[in-house]
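Single-structure report; data block below.
The values are calculated or read from the model by the stated rules, or taken from the named source; none is laboratory data. Keep in mind that this is a model prediction, so the values were computed, not measured. No Cβ is skipped: glycine too gets one built from the backbone with ideal geometry, and neighbour counts run over all protein chains shown. For accessibility, only protein heavy atoms count, side chains too; no ligands or nucleic acids. Shrake-Rupley method; radii C 1.70, N 1.55, O 1.52, S 1.80 Å.
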Amino acid sequence: MTPTSIECPDLEVLFTELEAGKGPALEHAEHCSLCTAIIEEHRLLEKDLCRLADPLPPPDLVHKVMARVAAEPTPVRRELWTGLSILGASLMMGLGLLLTSDAALSGLGKSVARTLVGGTAFTEALMSGVHALWSTAAGPLVALVAFVILSSVFGLKRLIRNGPTPSEA
């Protein structure tokens, strides 16, 4: 038989039957030189494709990416919103847990009551100490010492911020 005497099958049918390993299109290809050539070309193409490998990334890819990330820091606004959303989600989950658990709700009530009672005593003691300091004229001395300490700390912080970097030192 010649290729012109019988019509060749569709390529999709031929390749489907080639994958299955049997069928009338494959029987036709045994006698048709055109279909045999197409099957052989397909086989060689598959063989060439199997030899191909994905190229490896360049060895300095990680360093380039990290340098680019360091050069473009995340905007403060985005970090702030991310932090606030995480905080909000955590608070909502905690509130949900608190509202669904009777033991947790009663424990919270006890803790708040204990803090209010203890807080009143703490506030009274603090006010008594402030009154004793003021009446013995130690109040101005404490204020002066606090001012000196705070101005020293803020001065050191400013020096550190404007001082030499570790690479310059």
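A few remarks follow.
- With an a/c value of 1.5 or above and a/b larger than b/c for the gyration tensor axes a ≥ b ≥ c computed over the alpha-carbon atoms, the stretch 56-108 is described as prolate.
- Degrees between helix 11-20 axis and first principal axis of the chain (Cα, 0 to 90, nearest 10): 80 degrees
- The stretch between Asp48 and Ser106, if pulled fully straight at 0.36 nm per residue, gains 13.6 nm over its current Cα-Cα span.
- Debye, to nearest 20: dipole size of the chain, +1 on Lys, Arg Cβ, -1 on Asp, Glu Cβ: 2160 debye
- Counted over the stretch 95-160 with a bin width of 10 Å, the fraction of Cα pairs per bin, in whole percents, is 18, 20, 20, 20, 20, 2.
- Euclidean distance between Cα centres, the stretch 62-133 to the stretch 19-40, Å: 74 Å
- At q = 0.12, 0.15, 0.20 Å⁻¹ the log10 of I(q)/I(0) for the chain amounts to -1.00, -1.08, -1.24, computed by Debye summation with a single uniform scatterer per C-alpha, solvent ignored.
- Ranked by the mean number of other Cβ atoms within 10 Å of their residues, highest first, the peptides 47-55, 63-71 come out as 63-71, 47-55.
- Heavy-atom accessible area per residue - the chain, 1.4 Å, Å²: 87 Å²
- Additional length obtainable on full extension of the chain from Val13 to Asp60, 0.36 nm per residue less Cα span: 12.2 nm
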